[in-house]
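FYI, it's all coordinate maths here, none of it is from the lab. Since this is a predicted model, take the numbers as computed values, not measurements.
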């Protein structure tokens with residue numbers, strides 16, 4: 001079975017670990033796969049074209065698959081063929097699913113970590129600060145601040161019933 005598809009080669013100026021990559025100089029090629037193809041990491045032979053250097057491109061999309069790829073390497077197979085080795089860009093390929101999803105992150109905090117959150121809450125928040133002395137293996141550490149956050153979510157319907 002022969003599958004005709006469009007391969008678009010791009011120049012990507014964005015970091016690999018980003019969504020909404022900046023892609024320029026899209027060049028379209030008609031390709032056909034004559035056998036089984038690994039759609040995760042496809043290997044695509046292309047005919048050398050006068051005036052076109054495939055090494056100028058570092059990114060690709062196979063239109064019919066709806067998948068984006070990094071060009072990991074390009075090798076000269078012979079005098080007429082150059083072979084592109086592609087690797088799926090998971091972030092760009094599944095961008096809409098990622099952006100439309102809801103996720104909670106859990107991370108062990110370490111000294112020097114910094115971050116911001118923008119959390120929508122329903123209910124009341126009570127923040128209590130504690131200052132204490134702690135002993136670790138016979139060593140007394142003073143002025144350690146522990147912050148405990150208690151979030152109490154209340155059911156609106158139960159408030160209305162009790163009112």
With Rh as the Kirkwood radius over Cα pairs, the range 1-51 has Rg/Rh of 1.02
Tell me, Kirkwood radius of the range 3-98 from alpha-carbon pair distances, in Å? 13.7 Å
